[in-house]
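Read the structure below first, then the notes.
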Amino acid sequence: MATQKYKTLRRYEHPNHARLFTFSTYNRVRVLSRPRVAALVLGATGRACVQHRWDVLAYVVMPDHVHLLARPRENEPNASKFLFAIKRPVSYQMKQMLQGSDAPLLDRLTVTTGRSPGFRLWQAGGGHDRNLTSPETILASIEYIHANPVRAGLCPSPGDWAWSSYAQWMAPGDPVPPGLPVIARDRVR
């Protein structure tokens, strides 16, 4: 009997609970630091929010993982479908990009399951998912998300990291650059 190699994640679907999602690249390959790939992640996030009726509260795209704090607008949210709508198109587009240019990285992200090799951008399993209910916990999570690049030594200040919602939080009246998810500040409560 085959043993399971990754932890399954049980999701607790509660309407109106904010959700802190963390999902990582396969074997923590640092591919998300490429601007084009980070832009793919954020573009897919924005589209998934519209399609599945979620609001983004905060995000950061790190070189090998993503933190996303979001809140559903539906009474019967489905976090798995929401995350699939983010991860699947990014994986597909990433594979297309690599097939034309970066064979070593494509090899690192190719796994053999069963008899045939397949591309895997994301780590198997559900990642990390946490329901947040209080405004204090949500605000603390936003601070954690924005400080992540600084803690990792990637930049001296949260505002220096391009792939974060920090700028939207600090300057709420400024226009949001095209392709970035719009933060729903009013949904923190």
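The values are calculated or read from the model by the stated rules, or taken from the named source; none is laboratory data. Everything numeric in this text was worked out from a predicted model, so none of it was measured. Neighbour counts are summed over all protein chains in view; Cβ atoms, including those assigned to glycine, are modelled from backbone coordinates with ideal geometry.
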Pair list, Cβ < 7 Å and 6+ apart or interchain, from the stretch 61-75 residues that are more than 15 Å from VAL182 (Cα to Cα) to residues that are among the charged types (D, E, K, R): PRO63/ARG30; ASP64/ARG28; ASP64/ARG30; GLU74/ARG53
Search the stretch 145-161 for residues being out of contact with any Cys (no Cβ under 9 Å at 6 or more places or on another chain) and in contact (Cβ under 8 Å) with a residue 60 or more places away in the chain, and hand back the single one that is nearest to THR22 (Cα to Cα). ILE145
In the stretch 18-26, is there at least one residue being in contact with a Ser or Thr (Cβ under 9 Å, 6 or more places away or on another chain), surrounded by 16 or more Cβ atoms within 10 Å (Cβ to Cβ) and at pLDDT below 95? yes
Given the residues ARG53, ARG36, ARG30, ARG47, which is the only one that is without any contact (Cβ under 8 Å) to a residue 40 or more places away in the chain, of a type in the set (Lys, Arg) and farther than 24 Å from TYR144 by Cβ? ARG53
Please work out if SER157 is hydroxyl-bearing (Ser, Thr, Tyr), surrounded by 14 or more Cβ atoms within 10 Å (Cβ to Cβ) and under 21 Å from ALA39 (Cα atoms). no
Among the residues of the stretch 98-136, what is the count of those that are within 30 Å of ALA70 (Cα to Cα), free of Cβ contacts under 8 Å to residues at least 40 places away in the same chain and of a type in the set (D, E, K, R)? 1
Scanning for something exposed (fewer than 14 other Cβ atoms within 10 Å of the Cβ) and of a type in the set (D, E, K, R), does the stretch 68-75 turn up at least one residue? yes
Do we find that ASP107 is under 18 Å from VAL31 (Cβ atoms), at pLDDT below 85 and surrounded by fewer than 16 Cβ atoms within 10 Å (Cβ to Cβ) in this structure? no
Unmet requirement for VAL150, which otherwise passes all of (1) surrounded by 11 or more Cβ atoms within 10 Å (Cβ to Cβ); (2) at pLDDT below 90; (3) among the β-branched types (Val, Ile, Thr): (2)
Restricting attention to the stretch 45-67, which residues are surrounded by 20 or more Cβ atoms within 10 Å (Cβ to Cβ) and among the aliphatic types (A, V, I, L, M)? ALA48, VAL56, LEU57, ALA58, VAL60, VAL61, MET62, VAL66
Looking only at the stretch 167-184, and only at residues there that are without any contact (Cβ under 8 Å) to a residue 24 or more places away in the chain and in contact with an Asp or Glu (Cβ under 9 Å, 6 or more places away or on another chain), the one that is surrounded by the most Cβ atoms within 10 Å (Cβ to Cβ): GLN168
Quick test of your reading of the structure: ASP129 fulfils all but one of (1) in a strand (DSSP E or B); (2) at positive phi. Name the failing condition by number. (2)
Return the pair list, or none, for Cβ contacts closer than 8 Å from residues in the stretch 84-97 that are within 14 Å of VAL66 (Cα to Cα) to residues that are assigned to a helix (DSSP H, G or I) and modelled with pLDDT of 95 or more, at least 6 apart or on different chains. ILE86/VAL41; ILE86/ALA44; ILE86/THR45; ILE86/ALA48; LYS87/ALA44; VAL90/LEU40; VAL90/VAL41; VAL90/ALA44
